[in-house]
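Have a look at the structure below, then the notes.
The values are calculated or read from the model by the stated rules, or taken from the named source; none is laboratory data. Everything numeric here is computed off the predicted structure, so don't read it as measured data. Cβ: placed from backbone, ideal geometry, glycine included. Neighbour counts: every protein chain shown.
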Amino acid sequence: MIKVIKVKNYDEVSDKAFEIMHDLVVSKPNAVLGLATGSSPVGLYQRMIKDHQENGTSYKDVITFNLDEYVGLEKSHPESYYLFMHRNLFDGLDVKEENIHIPSSEGDLTANCDSYNQALSQYQIDLQILGIGSNGHIGFNEPGTSFDSVTHIVDLKESTIKDNARFFDDDISKVPTKAITMGISNVMAAKQILLVASGANKANAIQATVMGVVTENVPASILQEHPNVIIIIDEAAGSSLVKEKK
Ligand code: F6R
């Protein structure tokens, strides 16, 4: 079941997402968190860091699993998701490095997928944070990915490469074409899922996710079949939902 919370702007999306995250970590200090990269969760992460620094909310017993990582960028590349997560979240919190899991795209990729699935199978994610691609992807599960998928290697779609070029000097030739991602069934195994989206370029994907048919062509549409999903959107990302109701 999807509960949609529509707020005014990105700041309010981040405030609301932080409330949910904070309640969880306070009530369950050893919570297992599924985390996303990209622009959408950055406001949430900033609020987590501010609250940790000002109010002492601790993440020392929290376990984290990230959704994905580019293939072809070393960990030390500024746009690797490994560094993104450290820069935007982990360096500002007291999460223990050994409790952080990010899929590795270095070395044997098949073995890395297997070991990530193995690690995920030891836990249940309490709260999975998601962004959404303009094409409806979650993690890097692009349109057409099986709903039964587990951690795997993907070829990024042209639309995703274009969307992410903004992180690579707007040069699509610098954007990796492959990634390692948690599969859709790994995401669906979470107890609760919190998807955040803002901006008009997400409006069609949000409309298809919330009101469309459940189809592998819109990976996020599977969320309709999860028992506990909250989608927080701003006015622009929710603009097609409004149009539909009129
Ligand atoms: C990131 C991820 C992606 C992004 C999505 C939206 O770990 O898995 O699904 O959440 O591409 O990206 P932004 O938030 O940059 O618009």
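Observations on the model:
- Verdict on Gly212 being among the small types (Gly, Ala, Ser) and either surrounded by fewer than 18 Cβ atoms within 10 Å (Cβ to Cβ) or without any contact (Cβ under 8 Å) to a residue 12 or more places away in the chain (or both): yes
- Residue within the stretch 153-160 that is under 18 Å from the mean Cα position of the chain (by Cα) and of a type in the set (Gly, Ala, Ser) present: yes
- Condition check for Ser14: within 14 Å of the ligand (Cβ to nearest atom) and not in a helix (DSSP H, G or I): no
- Reported count of residues in the stretch 108-132, each being within 15 Å of the ligand (Cβ to nearest atom), out of contact with any helix residue (DSSP H, G or I) (no Cβ under 6 Å at 6 or more places or on another chain) and part of a loop (DSSP other than H, G, I, E, B), is 2.
- Residue check, Pro227 away from the ligand (no atom under 16 Å from the Cβ), of a type outside the set (Gly, Ala, Ser) and more than 14 Å from the chain's Cα centre (by Cα): yes
- Residue tally, condition assigned to a helix (DSSP H, G or I) and either within 13 Å of the ligand (Cβ to nearest atom) or more than 26 Å from Ser149 (Cα to Cα) (or both), over the stretch 195-222: 9
- Against the numbered list (1) in a helix (DSSP H, G or I); (2) exposed (fewer than 14 other Cβ atoms within 10 Å of the Cβ); (3) more than 9 Å from the ligand (Cβ to nearest atom), Arg166 comes up short only at (3).
- Note on the stretch 169-193: among residues that are of a type in the set (D, E, K, R) and within 15 Å of the ligand (Cβ to nearest atom), the one that is surrounded by the fewest Cβ atoms within 10 Å (Cβ to Cβ) is Asp170.
- Scan the stretch 136-156 for residues that are of a type outside the set (Val, Ile, Thr), within 14 Å of the ligand (Cβ to nearest atom) and touching a residue at least 24 places away in the same chain (Cβ under 8 Å) and the total you get is 9.
- Counting only residues that are hydroxyl-bearing (Ser, Thr, Tyr) and closer than 30 Å to Val13 by Cα, the stretch 117-139 holds 2 of them.
- Scanning the stretch 92-104 for residues that are hydroxyl-bearing (Ser, Thr, Tyr), over 26 Å from His226 (Cβ atoms), in a loop (DSSP other than H, G, I, E, B) and out of contact with any Leu (no Cβ under 7 Å at 6 or more places or on another chain) turns up at least one hit.
- Every residue from the stretch 92-120 that is within 12 Å of Ile153 (Cβ to Cβ) and either modelled with pLDDT under 95 or in contact with a Phe, Trp or Tyr (Cβ under 6 Å, 6 or more places away or on another chain) (or both): Pro103
- Residue selected from the stretch 41-81 under the condition within 14 Å of the ligand (Cβ to nearest atom) and among the hydroxyl-bearing types (Ser, Thr, Tyr), by the criterion farthest from Ile153 (Cα to Cα): Tyr45
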